[in-house]
Amino acid sequence: MNKKVSNALTYIFFLSLGILLLWLCFRKIEFSQVLDYVKTAKYSWMIISLVCLGISLFFRALRWNILIESLGYKTRVSTTYESVLIAYFANIVFPRLGEVTRCGTLTKKENIPFDKSFGTVISERVLDLVVLFAMALLVILFQWNLLGSLITSWLNPLIEKITDNVVLGSVTIIVAIAFFIAIIFVIKRNKERLSQNKLYKKITSLWKGFVDGVKSIFTMKKKGLFIVYTLLIWGFYVVMTWLPFYMLPETSHLGLTEAVTLLGLATLGVVAPVPGGMGVYHFIGILLLNGFYGISESAAVSFVTINHTSQMIFYLVTGVIAYVVMFFVDRREAMNNVQ
């Protein structure tokens with residue numbers, strides 16, 4: 001199947017999935033009730049939340065700068081910040097395109113090799129997953145009375161399946177390792193012939209750049225500042241998730257623990273390959289607020305709808321502004337020579 005057709009079908013599938021989940025979320029809700037919540041919500045809290053979102057993305061740009069500098073390249077904070085904003089805008093339309101887009105804009109603006117900047121982005125994402133995992137453990141620890149029974153009900157069947165299929169699992173792992181070793185052996189044996197192949201050269205170049213980017217997290221000089229920026233990024237994420245609770249009377253009693261829980265689960269929703277996390281974010285948010293915290297379904301639907309819509313508007317507006325400023329207003333020369 002043609003790659004473009006395959007990508008289009010994949011996009012249509014996940015877009016349809018998001019629309020289906022949206023329908024499931026709204027099908028039993030009276031629109032008039034949601035409209036009442038939308039009219040009476042205290043949007044000042046949402047505005048402050050979006051300011052916190054903007055600040056967290058600024059610290060993300062500062063953190064990215066440290067990784068880029070560790071590779072021996074220079075870039076302006078304004079350029080990396082604009083690239084980050086453009087990336088989040090791109091993710092609304094085409095999931096997973098954001099990371100490629102922000103590296104591409106940086107390559108075009110500052111002449112930083114795409115493969116190397118992409119490696120630094122992967123490093124960032126790995127670290128963010130570690131932070132997210134740590135937050136998930138804290139959530140489970142502090143809310144075991146609420147989540148414990150659910151988690152054990154999920155894990156017990158999984159553990160039983162693993163123990164019942166130890167032999168099959170072991171054979172699968174051994175075969176996979178053997179296959180991987182065989183591929184490495186074939187590549188090494190035919191390395192001289194492969195080195196003349198353009199595709200092989202391109203792949204090895206991308207791989208080297210990727211490895212250099214990942215290594216940057218260990219070779220950077222400002223490790224302490226990098227950690228501080230990481231804590232600030234996630235700290236502002238938590239605050240921006242917590243503040244909107246005060247928009248509605250039904251959610252105003254929820255605190256930081258609930259915000260961390262929602263942030264963790266909502267992040268999973270955004271990670272799903274659905275444009276802008278549409279539907280998935282709503283489904284997860286409503287399930288948590290209504291199913292675990294006892295918020296009425298209409299209030300839960302209203303909250304996640306206002307929250308998600310506001311963030312999407314933020315990404316759209318700031319992404320467009322960042323693109324215009326980067327390519328039509330900022331006429332400064334690139335800080336690095338063409339590679």
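Quick rundown of the values:
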| item | result |
| --- | --- |
| Total formal charge among the other residues, if their Cβ is under 13 angstrom from that of residue 226, Lys/Arg +1 and Asp/Glu -1 | +2 |
| Solvent-accessible surface ranking, highest first, for 260, 301 at 1.4 angstrom | 260, 301 |
| Exposure of residue 297 as accessible area (Å², to 10), given a probe of 1.4 Å and all protein chains | 80 |
| Counted charge near residue 136, where neighbours are those whose Cβ lies closer than 15 Å (Asp, Glu -1; Lys, Arg +1) | -2 |
| Accessible area (Å², per residue) of the stretch 66-141, counting only protein heavy atoms and a probe of 1.4 Å | 40 |
| Cut-off 15 Å between beta-carbons: net charge of the residues surrounding residue 93, Lys and Arg +1, Asp and Glu -1 | +1 |
| Distribution of pairwise C-alpha distances over the stretch 84-143, 10 Å bins, in % | 22, 37, 25, 13, 3 |
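The values are calculated or read from the model by the stated rules, or taken from the named source; none is laboratory data. Model, not experiment: these values are computed from the prediction. As a convention, Cβ positions derive from the backbone with ideal geometry for all residues, glycine included, and neighbour counts pool all protein chains shown. Each accessible area value is taken on the protein alone, full model and side chains, heavy atoms only, with ligands, DNA and RNA left out. Shrake-Rupley method; radii C 1.70, N 1.55, O 1.52, S 1.80 Å.
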